[in-house]
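Here's the structure we're looking at; comments come further down.
The values are calculated or read from the model by the stated rules, or taken from the named source; none is laboratory data. Computed from a predicted structure; not experimentally measured. Here the Cβ positions follow ideal geometry from the backbone for every residue, glycine too, while neighbour counts run over all protein chains shown.
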Amino acid sequence: MGLNDIKLWEKNLPDADLGSSIADLNNRGLPTLTPYLLKEEKLHPAIIVCPGGAFQYRASHEGEPIAKWLNQMGMNAFVLNYRVAPYTPFTATKDAVRAVRYLRYNALKFNIDPERIGMIGFSAGGYLAAFLGTHFDNEMIEPESRNAQMMSILFGELNCNDPIDQTSSKLNALILCYAETSPFSKEKLPAGSLLPKDIAMDELIDFTSNHKHVTAKTPPTFLWVTANDDFNFQRQNLLFAQALSEQNLSFEFHIFSKGQHGLGLGKDEPAVAIWPKLCENWLRGLWP
């Protein structure tokens, strides 16, 4: 953990026992935020940065360079050091939810406008962002529904004694960069693997296929992917964009003609290098 890193939990860390018997070289089981704060003492938007890495590691080129780019736009940025292997994506999701709640609860401390908190996710980190944008707020899921039951099974109950847990995790902007918005399938999820008790495989696949959960409450979204990304996330992003369109939501979607997976800011691929400027224009229009 860096000197300035912010612990998301001081106590009662969920899933604390899951990595105790396996070497966790990525983050020692401690989810944190690395802050990149502007010096002006006025309220700024804040963007949480979720690097990719297939939930096995966190890609460094999708962390600090992204945060510094956001700073140049006049936005506070926080790189989310979410837990990865041996932890599962469900633990990473808990860390992402907590990050939004933590920043909104402590907004004034960090000179953050609590109504302008967004998240940018790359590849697997894009799953975290897409899931928060479609599932996580206290009003998004109908009480007593099967989805509400699944939320409880997968993520546990809110800690009623923790005011941060009672804070809204609603995102105000969503940026998906070659995102894996639907990470589970029968081919990728063998029977019993990551499958919690009392949840059928088909239910889990449906629940984590984020395009199926886009509603009128989903925040404005910027998406981009390349046509020949060898991870084949194009269809997932097309489905997400289609769902946004069907809800008449504000979004911007770019498919670039070429470029490998994991380009980050895109400086190594001329066809993609324009995306940060396009996203900046979109963000400035959203948050003048």
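Exactly one of these conditions fails for GLU142: (1) crowded, with 16+ Cβ neighbours inside 10 Å; (2) assigned to a loop (DSSP other than H, G, I, E, B); (3) without any contact (Cβ under 8 Å) to a residue 60 or more places away in the chain. Give me its number.
The failed condition is (1).
All but one of (1) within 21 Å of ILE120 (Cα to Cα); (2) over 21 Å from the mean Cα position of the chain (by Cα); (3) not hydrophobic (A, V, I, L, M, F, W, C) hold for GLY262, so report the exception by its number.
(2)
Residue by residue, here is whether (1) at pLDDT 95 or above; (2) not aromatic (Phe, Trp, Tyr) holds:
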position: PRO219; (1), (2): yes, yes
position: PHE222; (1), (2): yes, no
position: ALA243; (1), (2): yes, yes
position: GLN247; (1), (2): yes, yes
position: LYS258; (1), (2): no, yes
position: LYS267; (1), (2): no, yes
position: LYS277; (1), (2): yes, yes
position: GLU280; (1), (2): yes, yes
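Can you name the condition, by its number, that SER182 falls short on among (1) touching a Phe, Trp or Tyr at 6+ places or on another chain (Cβ under 9 Å); (2) more than 20 Å from LEU128 (Cβ to Cβ)?
Among (1) touching a Phe, Trp or Tyr at 6+ places or on another chain (Cβ under 9 Å); (2) more than 20 Å from LEU128 (Cβ to Cβ), the lone unmet condition for SER182 is (2).
For VAL79, are the conditions met, namely being of a type outside the set (Gly, Ala, Ser), in a strand (DSSP E or B), under 19 Å from GLY133 (Cβ atoms) and in contact with a Leu (Cβ under 8 Å, 6 or more places away or on another chain)? Quick ask: steps written out before the conclusion?
Values: of a type outside the set (Gly, Ala, Ser): yes; in a strand (DSSP E or B): yes; under 19 Å from GLY133 (Cβ atoms): yes; in contact with a Leu (Cβ under 8 Å, 6 or more places away or on another chain): yes.
So VAL79 fits the description; yes.
Restricting the search to the stretch 212-225, which residues are touching a residue at least 40 places away in the same chain (Cβ under 8 Å) and either assigned to a helix (DSSP H, G or I) or over 19 Å from PHE251 (Cα atoms) (or both)?
Within the stretch 212-225, the first condition is being touching a residue at least 40 places away in the same chain (Cβ under 8 Å), and the residues that meet it are 213-215, 217-225.
If the condition is that a residue be touching a residue at least 40 places away in the same chain (Cβ under 8 Å) and either assigned to a helix (DSSP H, G or I) or over 19 Å from PHE251 (Cα atoms) (or both), then HIS213 is the only one that fits.
Here is a yes/no grid of residues against (1) modelled with pLDDT of 90 or more; (2) crowded, with 16+ Cβ neighbours inside 10 Å; (3) under 21 Å from PHE131 (Cβ atoms); (4) small (Gly, Ala, Ser):
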{"position": "ILE6", "(1), (2), (3), (4)": "yes, yes, no, no"}
{"position": "ASP17", "(1), (2), (3), (4)": "no, no, no, no"}
{"position": "ARG28", "(1), (2), (3), (4)": "no, no, no, no"}
{"position": "VAL49", "(1), (2), (3), (4)": "yes, yes, yes, no"}
{"position": "PHE55", "(1), (2), (3), (4)": "yes, yes, yes, no"}
{"position": "GLY63", "(1), (2), (3), (4)": "yes, yes, yes, yes"}
